[in-house]
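K.L.:
One structure is given below, represented as structure tokens, and several questions about it will come after.
The values are calculated or read from the model by the stated rules, or taken from the named source; none is laboratory data. Since this is a predicted model, take the numbers as computed values, not measurements. Cβ placement follows ideal geometry from the backbone for every residue including glycine, while neighbour counts extend to all protein chains displayed.
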Amino acid sequence: MKYQDLQNTVERGDIGPLYYMYGDEPYLIERLVRRIVERLVPPDMRDFNLNVFYGAENKGEDIAEAAATMPMFSSRRVVLVRKADELSAASQEILLSCVRNPSPSTCLLFVGEKIDQRKKFFAEIKKVGLLVEFKRLYENQLPVFIRNEASLLGKRLEAAAGEMLVHLVGNNLRELVSELEKASLFVGQRELITADDIRSVVSDTKVNSVFDLTDALGGRMPDKALRSLDTLLRDGEAPLVIVAMIARHFRQLWKVRELLNRGTPARDIGNKAGINPYFLQGIIRQAGNFTVAELGSVFKKLHGLDAALKSTRLKPEIHLQDFIFEICRQGGAERPA
């Protein structure tokens, strides 16, 4: 089952006795866990009817006992097992009885990062309950997610505002929602959130540094790019998030460069490339600094940069600085001795 389907069933109040949630999008997992607890256990009953365990710290016997215990003054109990992928083989074996025959008055909820469906424990959960994977959203899924979040806040989001939010924040859903909530408070009673509103609520330093970095790379200006990179790293931005920001910018440049090569009129490029007019002129200008072949080379370098950041012990800024010089070199940059 996909998380969207589970979310819909939870909102309808149709909550089963057994789930295993896993994947690389912890924000969505935690939000759905919180919603299940809210639907099943009132706040004043949680001391009696909510048990929280941790896979590596608690024994299977204790989890099984809690799962078999009848709720007090309520119709349902929630037994939540965090870091369930760290359950020992012995604990998994003990819990098989709960998994095969879950108590209808308990929602037994396992949360972990990974599963191994070859193991009996997970195979039994799949037979009786639900294994639900939460995948990190792709970039093309973020606009819908953001619009839905804005709608929950009673707001509409200008298309350019959503694009700017993704450009500044990346695909960190927790931070996206946090910045969207700030924007909602910022506009007050006004229903529409604009790109200028997003610029106003996201840290000025981050806004300027992100745009300065991508613009400097698009303009092949290494000095400016290095200064912007230094600011982002100093302010605690994760190196892999910076790589994602750069990759998104160069994907747009590549689309526009190909359209320019086909002789597409400037007025049609925005629609064909899926770029909001708010950003279009700058993207067209920068696309003129690269050939299609050079942009293809950029993505090979980005792939190598991503691998280097994940696998070597060198400081991340060294890899990022090398990347900047490689991209800007053909624009006249010379690396200092």
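K.L.:
Can you work out which of the residues in region 1-23 that are assigned to a helix (DSSP H, G or I) and surrounded by 18 or more Cβ atoms within 10 Å (Cβ to Cβ) is modelled with the highest pLDDT? Write out each step before concluding.
P.N.:
Going through region 1-23, the residues assigned to a helix (DSSP H, G or I) turn out to be 3-11.
Going one step further and asking which of them are surrounded by 18 or more Cβ atoms within 10 Å (Cβ to Cβ), we end up with 3, 6, 10.
Values: Tyr3: 77, Leu6: 87, Val10: 90.
Restricting to residues being assigned to a helix (DSSP H, G or I) and surrounded by 18 or more Cβ atoms within 10 Å (Cβ to Cβ), the top hit is Val10.
K.L.:
Can you find, within region 87-124, the residue that is surrounded by the most Cβ atoms within 10 Å (Cβ to Cβ) among those that are under 27 Å from the mean Cα position of the chain (by Cα) and either outside the structural domain of Tyr20 (by TED's automatic domain parsing) or modelled with pLDDT under 95 (or both)?
P.N.:
Only one residue tops the list, namely Leu87.
K.L.:
Here are the criteria: (1) touching a Leu at 6+ places or on another chain (Cβ under 6 Å); (2) of a type in the set (A, V, I, L, M); (3) touching a residue at least 60 places away in the same chain (Cβ under 8 Å). Tell me which single one Ala84 does not satisfy.
P.N.:
Tallying (1) touching a Leu at 6+ places or on another chain (Cβ under 6 Å); (2) of a type in the set (A, V, I, L, M); (3) touching a residue at least 60 places away in the same chain (Cβ under 8 Å), Ala84 fails exactly one: (1).
K.L.:
Still on this structure: From Ser209, Ser228, Ser178, grab the single residue that is assigned to a helix (DSSP H, G or I) and within 22 Å of Phe145 (Cα to Cα).
P.N.:
Criteria check complete, one pass: Ser178.
K.L.:
Return the only residue of Ala225, Ala183, Ala216 being at pLDDT 90 or above, surrounded by 14 or more Cβ atoms within 10 Å (Cβ to Cβ) and touching a Cys at 6+ places or on another chain (Cβ under 7 Å). Steps first, answer last, please.
P.N.:
Details: Ala183 fails: touching a Cys at 6+ places or on another chain (Cβ under 7 Å); Ala216 fails: touching a Cys at 6+ places or on another chain (Cβ under 7 Å).
Selected residue: Ala225, the only one of Ala225, Ala183, Ala216 that is at pLDDT 90 or above, surrounded by 14 or more Cβ atoms within 10 Å (Cβ to Cβ) and touching a Cys at 6+ places or on another chain (Cβ under 7 Å).
K.L.:
Out of Arg39, Arg35, I need the residue that is over 22 Å from the mean Cα position of the chain (by Cα) and either assigned to a strand (DSSP E or B) or closer than 22 Å to Pro104 by Cβ (or both). Which one?
P.N.:
Only one candidate passes the filter, namely Arg39.
K.L.:
Another question about this same structure. If you take the residues of region 204-259 that are of a type in the set (Gly, Ala, Ser) and touching a residue at least 12 places away in the same chain (Cβ under 8 Å), which of them is farthest from Thr312 (Cα to Cα)?
P.N.:
Gly219
K.L.:
Filter region 132-147 down to residues that are at pLDDT 90 or above, surrounded by fewer than 17 Cβ atoms within 10 Å (Cβ to Cβ) and either under 14 Å from the mean Cα position of the chain (by Cα) or outside any helix (DSSP H, G or I) (or both), then give me how many there are.
P.N.:
Here the count works out to 1.
K.L.:
Only one residue in Lys300, Lys255 is in the same structural domain as Thr214 (by TED's automatic domain parsing), surrounded by fewer than 14 Cβ atoms within 10 Å (Cβ to Cβ), of a type in the set (Lys, Arg) and part of a helix (DSSP H, G or I), so which one is that? Write out each step before concluding.
P.N.:
Working: Lys255 fails: surrounded by fewer than 14 Cβ atoms within 10 Å (Cβ to Cβ).
Result of the check over Lys300, Lys255: Lys300.
Conditions tested, residue by residue: (1) loosely packed, with under 15 Cβ neighbours inside 10 Å; (2) modelled with pLDDT of 90 or more; (3) of a type in the set (A, V, I, L, M, F, W, C); (4) closer than 21 Å to Gln117 by Cβ.
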site	(1), (2), (3), (4)
Glu25	no, no, no, yes
Val41	no, yes, yes, no
Leu50	no, yes, yes, no
Ala66	no, yes, yes, no
Val79	no, yes, yes, no
Asp85	no, yes, no, yes
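K.L.:
Looking at region 166-174, is at least one residue over 27 Å from Ile284 (Cβ atoms) and either in contact with a strand residue (DSSP E or B) (Cβ under 9 Å, 6 or more places away or on another chain) or without any contact (Cβ under 8 Å) to a residue 60 or more places away in the chain (or both)?
P.N.:
Filtering region 166-174 down to residues over 27 Å from Ile284 (Cβ atoms) leaves 172-174.
Still in the list and also either in contact with a strand residue (DSSP E or B) (Cβ under 9 Å, 6 or more places away or on another chain) or without any contact (Cβ under 8 Å) to a residue 60 or more places away in the chain (or both): none.
Within region 166-174, not a single residue is over 27 Å from Ile284 (Cβ atoms) and either in contact with a strand residue (DSSP E or B) (Cβ under 9 Å, 6 or more places away or on another chain) or without any contact (Cβ under 8 Å) to a residue 60 or more places away in the chain (or both).
K.L.:
Which one of the conditions (1) in a helix (DSSP H, G or I); (2) closer than 22 Å to Asn140 by Cβ does Asn171 fail to meet, given that it meets all the rest?
P.N.:
(1)
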